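The values are calculated or read from the model by the stated rules, or taken from the named source; none is laboratory data. As the structure is a prediction and not an experimental result, all values here were calculated from the model. For neighbour counting, all protein chains shown are included, and Cβ atoms are generated from backbone atoms with ideal geometry for every residue, glycine included.
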Amino acid sequence: MSKITGASVFIPEGSAAATDVAGSSQIWTKQDVPSSLYHTDDAGNDYRLGGSTLGTEIDLTSATTFTGIPAGVNWIDVSFRDVSTDGTGDWPAVQLGIASGIVTSGYAMTNTYIAPSISLANHTDAFRCGRSMGAGTLTNGIIFLRHMSGNMWVMMGMNNDVGNTQIHFGVGKLTLGGTCTQLKIDPDGNTFDDGDANILYG
């Protein structure tokens, strides 16, 4: 039962909204860690309200999955610092996932680098911004993911290649088969040998 004090309203946590009632909406607290405030409309659509959540920074040594992304999240930022791998490829790669697992197909995206020449590539297996990154190359950057509507997500990302004085870009879209609940960072068939990554969402 909710409790009202002179300064606050206390709402007990729950795993999901109550049964929908036509013409009425709900404000409730979900059992996330930490808890999250939600609005649910009379059609049963959940909307996470305000604020942002910073994940735990990961030392990249292999493909890494961030889990526990709650329903109602409308944006996710993926940040990289001093990341490198032991091989050449279009890395780092980011894949979204639903409750049943990581999605490895259906992406529609293009990435490129600029200076001293331009190289373009299309991908259907992941979101990527780095293009033909060499072994041992250190890169820093960010991938922005935005929820459009339904289960459609769009992406824009950029990172640098300090050793070769290059800027890399990527843009794309993906329609998931359900709510986004997880995100994987992959070294594109190589092995991460340096760097850190984290996510921020809200």
Which numbered condition trips up VAL33, out of (1) of a type outside the set (Lys, Arg); (2) at pLDDT below 90; (3) out of contact with any Phe, Trp or Tyr (no Cβ under 9 Å at 6 or more places or on another chain); (4) not in a loop (DSSP other than H, G, I, E, B)? (4)
Check on ALA43, modelled with pLDDT under 90, out of contact with any strand residue (DSSP E or B) (no Cβ under 9 Å at 6 or more places or on another chain) and not assigned by TED's automatic domain parsing to the domain that holds ASN151: yes
If a residue has to be loosely packed, with under 14 Cβ neighbours inside 10 Å and either touching a residue at least 40 places away in the same chain (Cβ under 8 Å) or assigned to a loop (DSSP other than H, G, I, E, B) (or both) to count, how many in the stretch 1-30 make the cut? 15
Unmet requirement for GLY44, which otherwise passes all of (1) over 21 Å from SER149 (Cα atoms); (2) free of Cβ contacts under 8 Å to residues at least 60 places away in the same chain: (1)
Output the number of the condition that ARG131 fails; it satisfies all remaining conditions of (1) of a type in the set (D, E, K, R); (2) within 17 Å of the chain's Cα centre (by Cα); (3) surrounded by 21 or more Cβ atoms within 10 Å (Cβ to Cβ). (2)
Those residues that are touching a Ser or Thr at 6+ places or on another chain (Cβ under 9 Å), surrounded by fewer than 14 Cβ atoms within 10 Å (Cβ to Cβ) and on the phi > 0 side of the Ramachandran plot, I need them from the stretch 45-91; list them, please. GLY51, GLY68, ASP82
Residue list for the stretch 177-194, restricted to those being crowded, with 21+ Cβ neighbours inside 10 Å and not in a loop (DSSP other than H, G, I, E, B): LEU183, ILE185, ASP186, PHE192
